[in-house]
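Inspection log for the structure reproduced underneath, given as structure tokens.
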Amino acid sequence: MFARMYKYRWQYLMILPAVVLLFLFNYVPMAGIQIAFKDFAIGSSIWGSHWVGLDNFSFVHDPQFWKVVQNTLYISVLKFVFGFPAPIFLALMINEVTHPVFKRFVQSVSYLPHFFSWIVVAYILQSFLTLDGGLVNDFIGKLGGEPIFFLGSTDWFRPMIVSSGLWKEVGWNTILYLAAISTIDPQLYEAAKVEGAGKIAQIRHITVPGIMPTISIVLILSIPSLISVGMDQIYPMMNSANQEVADVLDTYVLRNGLQQGYFGMATAVGLVSSVIGLLLVVTTNTISKKINGEGLW
């Protein structure tokens, strides 16, 4: 083992900073999990706080908590149903573009929104959808329709979240699939053409099976997001008018933990969410290995 480590010493040295950062920011903070079982308050020590057992898990009796869980699952399932296959289809379409300049243009345009922060995206949405001077409502008014209060509507909030998430991330998420497509042997396509296979048949029988291992891995890594829809996207768009459908687990933890000072309960909610996420990953990995033989481990 040591001989192998010495042989690849420079490679290990290159990944060392990432390992150190992972340890510092992902493993060291796990010591704070004990707050879920203690009566912790600002100014006191985590180690010296009074042990309260499972008292902080009393949130399971709060009706608001289950409403938040419902909102979280509703939004996350919508984002998964539309967001998971979208980059696969986009990657397949980009791969069929033969003009190199146009292909690079499409890739650049689709990648660009990824580099906008969610605060910027929220500002863009507010500029387009606001009642007073919003481009969309101005257009609706010119067509003779009544303005729609998009930003405060419980009916429009979820479509806004799903569509803005697609616009921002679908192009960036194609990178993995395009890289996987580039590793497929071109001779397979040439042989398929000789056999008379068209583009659809080539995609179905060559391209999709060729990227299936990548799809399986991305699927496994995406499953934990079912219980974490992203506070950085939700919170800037949430207000008192749409809070009924916008309040999710992340904002619930933020409100009870940082804003109201219930650190023990907020940590307990986060711990339960993490455990559920771990179980989802293990289950999905097991199912994926049984179906197509591909998994993370």
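Annotations
- Any hit, the range 224-231, residues being modelled with pLDDT under 85, part of a helix (DSSP H, G or I) and under 30 Å from residue 43 (Cα atoms): yes
- When residue 108 is tested against (1) closer than 29 Å to residue 89 by Cβ; (2) in contact with a Phe, Trp or Tyr (Cβ under 9 Å, 6 or more places away or on another chain); (3) without any contact (Cβ under 8 Å) to a residue 40 or more places away in the chain; (4) of a type in the set (Ser, Thr, Tyr), just one condition goes unmet, and that condition is (2).
- Residue list for the range 75-129, restricted to those being basic (Lys, Arg) and either surrounded by fewer than 18 Cβ atoms within 10 Å (Cβ to Cβ) or assigned to a loop (DSSP other than H, G, I, E, B) (or both): 103, 104
- Residue list for the range 276-295, restricted to those being open to solvent by 70 Å² or more (accessible area, probe 1.4 Å) and under 19 Å from the mean Cα position of the chain (by Cα): 276, 278, 279, 283
- The requirement of being out of contact with any Pro (no Cβ under 8 Å at 6 or more places or on another chain) and more than 22 Å from residue 264 (Cβ to Cβ) is not satisfied by residue 36.
- Filtered by the rule that a residue be in a helix (DSSP H, G or I), open to solvent by 30 Å² or more (accessible area, probe 1.4 Å) and without any contact (Cβ under 8 Å) to a residue 40 or more places away in the chain, the range 251-269 gives 253, 254, 255, 258, 259.
- Qualifying positions in the range 31-63 - without any contact (Cβ under 8 Å) to a residue 24 or more places away in the chain, surrounded by fewer than 14 Cβ atoms within 10 Å (Cβ to Cβ) and not in a loop (DSSP other than H, G, I, E, B): 31, 50, 51, 60, 61, 63
- Residue under evaluation residue 6, criteria (1) exposed (fewer than 12 other Cβ atoms within 10 Å of the Cβ); (2) at pLDDT 90 or above; (3) not hydrophobic (A, V, I, L, M, F, W, C), criterion not met: (2)
- Number of positions in the range 193-209 that are open to solvent by less than 60 Å² (accessible area, probe 1.4 Å), assigned to a helix (DSSP H, G or I) and among the hydrophobic types (A, V, I, L, M, F, W, C): 4
- Single unsatisfied condition, residue 128 versus (1) free of Cβ contacts under 8 Å to residues at least 12 places away in the same chain; (2) within 25 Å of residue 250 (Cα to Cα); (3) not polar (S, T, N, Q): (2)
- So residue 142, is it over 29 Å from the mean Cα position of the chain (by Cα) and touching a residue at least 60 places away in the same chain (Cβ under 8 Å): no
Conditions tested, residue by residue: (1) in contact with a Phe, Trp or Tyr (Cβ under 9 Å, 6 or more places away or on another chain); (2) modelled with pLDDT of 90 or more.
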| residue | (1), (2) |
| --- | --- |
| 15 | no, yes |
| 44 | no, no |
| 56 | yes, no |
| 79 | no, yes |
| 87 | yes, yes |
| 92 | yes, yes |
| 100 | no, no |
| 114 | yes, yes |
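- Within the range 133-150, not a single residue is open to solvent by 60 Å² or more (accessible area, probe 1.4 Å) and closer than 22 Å to residue 252 by Cβ.
- Residues that are in contact with a helix residue (DSSP H, G or I) (Cβ under 8 Å, 6 or more places away or on another chain), open to solvent by less than 30 Å² (accessible area, probe 1.4 Å) and assigned to a helix (DSSP H, G or I) within the range 152-177 comprise 157, 160, 161, 162, 164, 165, 168, 174, 177, listed in sequence order.
The values are calculated or read from the model by the stated rules, or taken from the named source; none is laboratory data. Computed from a predicted model, the values in this text were never measured in an experiment. Cβ: placed from backbone, ideal geometry, glycine included. Neighbour counts: every protein chain shown. Just so you know, the surface numbers come from the protein's heavy atoms only, side chains and all, with ligands and any DNA or RNA stripped out. Shrake-Rupley method; radii C 1.70, N 1.55, O 1.52, S 1.80 Å.
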